[in-house]
Every structure is written in C-alpha cells, then in structure tokens.
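Take a look at the structure below.
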Amino acid sequence: MEHTLLNLVIVIILLSNIRLLNTSRIPVMIVSVAIQGWVIGILPLLLHWERFQFTLLLITLITVTIKGVFLPRLLNRSMQQAGVIREVEPFVGPTLSLLIGLFLLSLSFWITSSLRSSLPEGLFFIPVLALFTVFNGLFLIVSRKKAITQVIGYLTMENGVYAFGASLAIDHPFLVELGVLLDVWVGVFIMGIAIYHINREFDHIDTDKLSTLKH
Amino acid sequence: MAWILVIVPFLFGLFSFILRNRRIVLILFLLGGILHFVLTIWIWISPTEGNSLVFLDPLGVLILTVTSFLFLMVTFYSIGYLKHHMERSSLTIGCMFFFLAAMSLVGVSADMGLLWVAVEATTLASAPLIYFHKDHRSLEATWKYLLICSVGIALALMGNIFLSYAGGDSIAGLYIPDLMSNANRFDPRWLKVAFILLLVGYGTKMGLAPMHFWLPDAHSEAPSMVSALLSGSLLNCAFLGILRAYGILRLSGLEEWGGNILVLFGVVSLVLAALFLIRQTDFKRMFAYSSVEHMGILALGIGVGGLAGTGALLHLINHSLIKAFLFLVAGNILAFYQTKKIDSVGGMIYKAPKTAFLWVVGFFAIAGSPPFGLFVSEWIILKGLINSERWMLIIVYLIALFIVFASLARYIIPMTFSRSAPNIEKPERWFFNKEPLWMWVPPLLLASIPLIMGLYVPPILLNFLSAVFSVWGGV
C-alpha cells in the first residue's frame, strides 16, 4: 500500500514537471505547481510513516496548506492583476524546453546514481526527482520572460529542495521548519506585490525589458 | 538574552507599522536604534548562555556589534533625511527595524537552519527599502535583488540539507557546536557538495563574483541610508554564513580544499570588481563595485588563513564602517546635486565644503591608504600572503588594489576640486548653502573608528580577532 502510494507520488512529481515545461498557459502552470506542492507536502508523512509523530503531521498540514493552497492563490491573484495568462515568446519554446527537460532528467539520474552508495536504502527515485525539480525550476527562471513565470520557477525549485529534505530524513527543529515555510510564503507575497508594481509602471511584466541598469 | 536582540527591533518595527503617526514613529526609530546598541554593549559586559537555537559566540557578536553601531549611526542620519521625505517614513522605518531584527538573528543563530531562515528574512525585509523611490529603476533593482537572492538562498538551503545528511546518524539537527565537535565523522563527499552549495548560496548574498549582478543595482537605487546598511551590514551577515560552514569544513580536515575555493572566488571578485571600476558613470554604483572588491579581499584572506584570516576580520570591521560612511556622504551629494552621474558633479569643495572634505577622506580610507584602518588590514593580509608564499596571488592582489586606487582617484578628485562646477538645476531648498548637523556628524563618527585603527590597533583587539579566527578558520 505504502509502496503504491510512493510510486504514485513519483509519477505525479514527474508529470507535473513535464507539464510545467511544455505549457505556455500560466493558469496551467499554477495548477501544476499546486499539485506538486500537495504531493511534496505529504512526502515526509509517506516516507517516515514508522516514526510517526504529532509534529510530523502538523508540518505536513502546514506545508500542504501553504504550498498547495495559499501560494497558488497568491499567484492566481498576481496573474489576474497583471492580466497575463500566457507566456508569449519565451526564450526557449515548449518543444525545446521538453527536450532540455529530458536532458535534465538524465543528468539528475546520472548525478544521483553516482551517489547511490551513500543514499538511504531503498530510496533512489525520490532524490532523482527532487534534483530534477530543482533543475527544472532553475531552467524555468532563466528561460522565461514573464515575472510571474519566474516566480513559478522559484516555487518549483523550492519544492525540489523540500523533497530533498524529506527524502534524506532531515530533522530540523520544528521552529526552523516553520521559518523556512514562512520565508517562502512571505517571499512569494512580496514578489506578487512587485509584479503588481512592474505591471503598473511598465504596462507589461516582461523581465527582459527590465534593462535600464547596466554597469 | 540572545532572543531579546531580535525581538526588540521586531516589536519596534511592528509598532511603527501600527502607529503610523510620523512624529511618534521617528521617536521610535531613535529609541529603537539606541536600545539595540545598548543591549549589544550589555552582551559584551555580561555574556550569557544560549540554547539549541541561539547562542552568543564571539564571531556572531562581533558582526552583531558592527551591525548595531552602523544602525545607530544610520538612525541619526535618517531622522534628518526622513524629515524631508515624510510621506513614506512609517513604512520605511518599519522595514528598517525588521531588517535589523533579521540581521541580529543571523548574528545569534546557533543552528544552520535558523541562520538560513534569518538570511532569507533579511532579503524580504530589505526589498521594500530598495523600492523606496518608487520609480522604474528602483523597481528593476528590487526585482533583480529579490529573485537572484532568493534563488541563491534556495541553493544554500539545499546545502544545509546535504550538510545534515553528511553527518549521518551521529548528528541530529544542525546545531553548530554539535556539527563542529563531530566534524571528523562527516562523509567528505556530501560535505564538499554541501560547502559548495552554501558558498554559492550565501556568496550570492555577499556579492561574490560571478553572483554579484544584483548588488550594484540594489546599492545604487536604494536610498543612501539603506545602501549604507546593505553594504556595511548585510554583506557581513552573508559572510558569517560562509564562515560557519567553513569552520565545520576545516575541522573535518578539508581545510586546504575549502580554502582554495574561497581564494578562487575571492580573486575572481577582486579582479572583476577592479576591472569594472575602471569605467564608471554613477558614483553610488562605483562604491557598490568597491564592495564586491572588498568582499573578494575577505574571501581571499579567510581562504589563505593564518595571519591573512585575522587581517580579513579586521578588514571586515574597517570596510563596514568606511563603506557605510561613504554611502551616507554619497547621499548628501545626491541631495545637493540631484544626480548620481559623476560627470554632473563638480566643484564640491566650493559649494559644500564639509561634504567635500568627508568625500575625500572617504576616498583615501576606502582605497586603503594610510592613516586609515583599511590600510592596516590590507597590509596584514598582504603579510599573511607573503607568509604563505603564494607569489602569483600577491601580484594579482597588489595590481588589483592599485587599479582600484587609480580609478577611484580619477573620479573622485574632479568631483571635489574641479573649478568648472556645473549649474545645479534644482537643489533641495533645505540643503542649499548649508549643511545641517545630521549630514556630517554621523558619518564623522563612523569614520573616526577606522581612523583610530589606522593609527593604532589595540593588541587586545588583534588577539581577540586571531582567537576568533582560529576557531573558524584555523591557524
């Protein structure tokens, strides 16, 4: 049972990453990153079921609420305020992005298998996908123009880092765990405000046109 | 006790947000700055034990003290400044207090995870401050700052996870003294990856090249009092994160490997900043690049170790004070000439003699000429380099410092002494023909310490610094 669920989680993380890469519709991207947030939020619970503690459940609940509900809502609001629903003419188009995604996936496989001997037993695919998610987020940030898509990329990257933490069984003190989530939340909130101002000042949110400041 | 340093500025920030009455908020600002400094001094007099999340170790307290003193001076300056920009004072002061709270938390964090939370919090608290002027340019700078630093810091979070994993089952959590006492049990492969991620992550925030792109934008577009804090305090806080990681790495026997990486980043920053400094059009940007240069010197000194490491810590104190001083004086010039363009500023000595005097003093101090503290610390670092017999490094170091001196002189001397002063288009009324006390007394106080240290470095301070360095960077 546990194993099936874990496999399901792996598949969903993979699919959500691929969806993020090959769509140019921002609402679809927000839904994908939200689903990813849900799945990654419950990952610690699935992986450490035998060491069940109340704080683990609490962290899971808070993570899922923030990553799966609050952050997508913030993104949705920024999207509506900016009136942008499509990433038009990104630096790298959807098809090429998908190919690069495949390359990043194999890279993650390669890196993780070289560390396999020192990984926790029975865990291989979660670290691979966590690394892939981090790479994917970084790629989205550099290959897309719209400010909001870059924030989605940042969130994807955070999801990947979180999945890493969960799969390597890192016990942070509760307060630290909470602080990390709070930072991400406030970060996206402030980025949302910045997007609103960029849209108002420039009439667009294309960050490649933010280029007044040089040397 | 350590928590008080975080909670006090946080509460003051909260009150500033709630009260919103300009006069009261300005009084709060002054009180908060003084109270924080008094508390910091109190820590030196009666040190207390920490707990599993916060502690008061000499290195953290050193950086905290520099931050607190800078903040106090910036408070005096800003009260004068904000009187003329009243419309945004409560929001700005609130964010300044949150910024101070986050930086204090960096200083007292005893857990690498909490340190991460605090460093990210500094980004979030200072982003609205960079957007102070609410125009295109500051918006662009804010966006770059937010995105680049957040992504960088996310890498540092991954570094923390790897660090924790490298410890294996022997170490639970990321309590720094625990990590240090168990350092020999770390798996070196994971520890190396962790260190690189932490170095790149916090290095982004510290402004090490080639991750420094946000820095000149943010430092030049922010109001001067904020630039002073960014350059004088924030960069140190990020540096503290790197030093903590290096301390753990060193104890696990990877000192040479880690030191070489630090030297590499240091040299790249130093050289790149020196090259960028050759051609500058904006005087605040110029000093932002000079910050990249000095961060490079810090990384270099720590990486080489020994005497150079002690010198680097002395350099950190001197650079913070002088750079904050320079940004405050740059704020005066900006208020007077209403431009950041070097070409449009001239004949300062005839129009604003006090500011012009401070500007020239600042130039000599930051370029590392005697009798200022930066000369002494750069000299100590040079001696450390000679002790380690890395001759190529010495040549690069000296050439870079020379280029920096020459290019700064080329811009600053005409700004001050040229006879053909351009017409001032629209000086702010309150400044014209007079320089109120707040404009030059706080900078003067800031500069006095590096001046004293240039003439006489108390042996007790040097011993303290070398003791601190021997804990985090080895002998």
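The values are calculated or read from the model by the stated rules, or taken from the named source; none is laboratory data. In this text, all values refer to a predicted model and were calculated from it rather than measured experimentally. Glycine also receives a Cβ, built like all others from the backbone with ideal geometry; neighbour counts cover every protein chain displayed. We work out accessible area using only protein heavy atoms, side chains counted, and drop any ligands, DNA or RNA first. Shrake-Rupley method; radii C 1.70, N 1.55, O 1.52, S 1.80 Å.
Descriptive notes on the structure:
Each row is one residue, and each column tells you yes or no for (1) over 30 Å from residue B:178 (Cβ atoms); (2) open to solvent by 10 Å² or more (accessible area, probe 1.4 Å); (3) more than 20 Å from the chain's Cα centre (by Cα); (4) of a type in the set (Lys, Arg).
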residue: B:42; (1), (2), (3), (4): no, yes, yes, no
residue: B:76; (1), (2), (3), (4): yes, yes, no, no
residue: B:81; (1), (2), (3), (4): yes, yes, yes, no
residue: B:103; (1), (2), (3), (4): no, no, no, no
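- Taking segment A:190-206 as the range and being at the interface with chain B (Cβ under 9 Å from one of its Cβ atoms) and either farther than 22 Å from residue A:38 by Cα or surrounded by fewer than 23 Cβ atoms within 10 Å (Cβ to Cβ) (or both) as the test, the residues that pass are A:190, A:193, A:194, A:195, A:197, A:198, A:201, A:202.
- The one condition from (1) more than 14 Å from chain A (Cβ to nearest Cβ); (2) open to solvent by 10 Å² or more (accessible area, probe 1.4 Å); (3) assigned to a helix (DSSP H, G or I) that residue B:210 does not meet is (3).
- Selection within segment B:342-368 - under 20 Å from residue B:315 (Cα atoms) and out of contact with any Ser or Thr (no Cβ under 9 Å at 6 or more places or on another chain): B:361, B:362, B:364, B:365
- Any pair with Cβ under 8 angstrom, 6 or more apart, that starts in segment B:365-388 at a residue that is without any contact (Cβ under 8 Å) to a residue 60 or more places away in the chain and ends at one that is among the acidic types (Asp, Glu): B:368/B:378
- Segment A:82-104: number of residues that are assigned to a helix (DSSP H, G or I) and open to solvent by less than 30 Å² (accessible area, probe 1.4 Å): 4
- For residue A:129: the one exception among (1) surrounded by 22 or more Cβ atoms within 10 Å (Cβ to Cβ); (2) over 30 Å from residue A:199 (Cα atoms); (3) within 12 Å of another protein chain (Cβ to nearest Cβ): (3)
- Segment B:141-162: number of residues that are more than 7 Å from chain A (Cβ to nearest Cβ) and of a type outside the set (Phe, Trp, Tyr): 9
- Filter result for the condition that a residue is surrounded by fewer than 24 Cβ atoms within 10 Å (Cβ to Cβ) and hydrophobic (A, V, I, L, M, F, W, C), over B:263, B:292: B:263
- Among the conditions (1) within 12 Å of chain A (Cβ to nearest Cβ); (2) open to solvent by 10 Å² or more (accessible area, probe 1.4 Å), residue B:190 misses just one, which is (2).
- Residue A:174 vs. criteria at pLDDT 90 or above and either more than 7 Å from chain B (Cβ to nearest Cβ) or touching a strand residue (DSSP E or B) at 6+ places or on another chain (Cβ under 8 Å) (or both): no
- Test result for residue B:297, modelled with pLDDT of 90 or more and more than 19 Å from residue B:398 (Cβ to Cβ): no
- Scanning segment A:151-171 for residues that are among the β-branched types (Val, Ile, Thr) and more than 7 Å from every other protein chain (Cβ to nearest Cβ) gives A:151, A:152, A:156.
- Qualifying residue in segment B:116-137 (condition: within 24 Å of residue B:273 (Cα to Cα), surrounded by fewer than 22 Cβ atoms within 10 Å (Cβ to Cβ) and touching a Leu at 6+ places or on another chain (Cβ under 7 Å)): yes
- Criterion violated by residue B:64 - all others in (1) under 23 Å from the mean Cα position of the chain (by Cα); (2) part of a loop (DSSP other than H, G, I, E, B) satisfied: (2)
- Restricting attention to segment B:163-179 and to residues that are open to solvent by 10 Å² or more (accessible area, probe 1.4 Å) and facing chain A (nearest Cβ under 8 Å), the residue that is nearest to residue A:177 (Cα to Cα) turns out to be B:173.
- Residue count for segment B:111-140 satisfying the condition of being charged (D, E, K, R) and more than 7 Å from chain A (Cβ to nearest Cβ): 2.
- Considering the conditions (1) touching a Lys or Arg at 6+ places or on another chain (Cβ under 7 Å); (2) without any contact (Cβ under 8 Å) to a residue 12 or more places away in the chain; (3) not charged (D, E, K, R), residue B:395 is excluded by exactly one of them, (1).
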